[in-house]
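In what follows, a single structure is set out as structure tokens and then discussed.
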Amino acid sequence: MVPEDVVKAALRAAQMRGVPVAEVPLVAVAEEAGISRSTLLRRIGGSRAALDDAVRAAGVDPGGQLSVRERAIEATAGLLGHDGLKAVTLERVADGAQCSVHSLYAAFGGRDALLYAVYERYSPDVDVDIVLDAPQQELRETVRSIFRIVADAFQHEPRVLPAIIADALARPGDPAAQAVYHKAISRMVENVGRWITAEIAAGRLRDLPLLPLVQQMVGPVFSYFLLSPIYERFNQVSLPNPEDAIETFTEAFLRAAAIPPAEA
């Protein structure tokens, strides 16, 4: 069930823009609700349609049918999360979005652009960028915030990010899988790299080679939340709750890479 405060935020955002709720971007709803986009997606169950249904249940018409673009993005995300990248054919997307393949070409230009649009919708990139572009905060809190965003991206349905990574690892020689993976990961790695470079220059992080430092920061979090669904099947393994895991990874990274105030 979509929380009432999210429904109210969507209504306020629509009123301020003078458009139906169905035409308000999710990032605008998240901003109005005072939460990150990834948190919004988790709270509405990963589906724009769920938000519109909740608005309708509150007695407000959210507007007409979602556009072909919106329907296609949701249909593709569902296929990715359930069956992986190989299942995403334009024919199956068109069937799920209740449109023609020609309409998909008109909206996206092709399968690659559609996949990238899906990743942009469900990726942690935008929220990570917001954290990194915000006024400087305490180093620990920045690292913790990034880890929370990444954890959300791995955990909420549909599980787009895990599907993309798993497909790239399973098919290292497939150009299509690698192209999507490259677009999916490169932007966040580049932005985190720029932030780390600035923190090194400011004397808050150790001056270590950049790529290993980026990997040391995001690698453990990616690995843990990517593989958690598998670990959960092992009776002898007891997983900490996500927040405790995030705190552990934050502490580990800072111990390895941060310069203590006395040394700065």
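The values are calculated or read from the model by the stated rules, or taken from the named source; none is laboratory data. Just so it is clear, the structure is predicted and the values come from calculations on it, not from any experiment. Cβ coordinates were reconstructed from backbone atoms using ideal geometry, including for glycine residues, and neighbour counts include every protein chain displayed.
Where helices (runs of 4 or more DSSP H) sit wholly within region 101-217, those with at least 3 residues that are outside the structural domain of His82 (by TED's automatic domain parsing) and exposed (fewer than 14 other Cβ atoms within 10 Å of the Cβ) occupy 175-201. Restricting region 75-87 to residues that are at pLDDT 90 or above and in contact with a helix residue (DSSP H, G or I) (Cβ under 6 Å, 6 or more places away or on another chain), the residue that is surrounded by the most Cβ atoms within 10 Å (Cβ to Cβ) is Thr76.
Take the conditions surrounded by fewer than 13 Cβ atoms within 10 Å (Cβ to Cβ) and assigned to a loop (DSSP other than H, G, I, E, B) and apply them to Pro261. Does it pass? Write out each step before concluding.
Working: surrounded by fewer than 13 Cβ atoms within 10 Å (Cβ to Cβ): yes; assigned to a loop (DSSP other than H, G, I, E, B): yes.
In short, yes.
Name the residue, out of Glu243, Glu157, Glu247, that is closer than 24 Å to Thr76 by Cβ and among the acidic types (Asp, Glu). The unique qualifying residue is Glu157.
Residues that are of a type in the set (D, E, K, R) and either in contact (Cβ under 8 Å) with a residue 40 or more places away in the chain or closer than 30 Å to Arg111 by Cβ (or both) do not occur anywhere in region 207-219.
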